[in-house]
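For reference, the structure is listed below as structure tokens.
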Amino acid sequence: MVTTHHTDIYLALGSNLGDRLANLAAARASLPPSVNLVRVSPIYETIPWGYDDQPDFLNQVLQAETDLEPEALLTFLKQIEAQLGRLPTFRNGPRLIDIDILLYGQLVYQSPTLTIPHPRFAERAFVLFPLAYLAPDLVHPVSGQTVRALQTAARCKGIKLYAEPQK
């Protein structure tokens, strides 16, 4: 049993279709009261990852708190994506909004539908840059490396500051 009384979490937001800034804002506004924002990173514009033939993304990381268990949090975030108009697509394809759970406290969790920490965030500069803004000394619960060290090792091309932090 996982205890979740006000667990500190980090979420990644991404959008590369439609009004990308508005999509990120709508996602942030849809989180409370189940997920309460603590801090938000700047927004970065990034080249696509995994599938290149699509528009650039806007990416942001949120530090938040929740009482939801991990699986309930995933369900809640998927409902927000659907309410905001996300349609099923192929892996790493274009999307109106994407909300990923990066970290859930120091929990290491695996189920058929969810892996925490997010299995690929430690190699993705589009997540590490905004996460390092919020928590450079945060230690990855599996690798033991700080976010700053992971960011230094990541492939950093195609990332630029797009907008200062917005709630």
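So here's what we get for this one:
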| quantity | calculated |
| --- | --- |
| Condition check for residue 62: in contact (Cβ under 8 Å) with a residue 12 or more places away in the chain and closer than 27 Å to residue 156 by Cα | yes |
| Subset of the stretch 1-49 [within 13 Å of residue 80 (Cβ to Cβ), in a strand (DSSP E or B) and polar (S, T, N, Q)] | 15 |
| Residue 28, sole failed condition from (1) farther than 22 Å from residue 135 by Cα; (2) of a type outside the set (S, T, N, Q); (3) out of contact with any Phe, Trp or Tyr (no Cβ under 8 Å at 6 or more places or on another chain) | (1) |
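Each reported figure results from applying straightforward, stated rules to the coordinates on display, with no laboratory input. All values derive from a computational prediction rather than experimental measurement. So basically every Cβ, Gly included, is an ideal-geometry build from the backbone, and we count neighbours across all protein chains shown.
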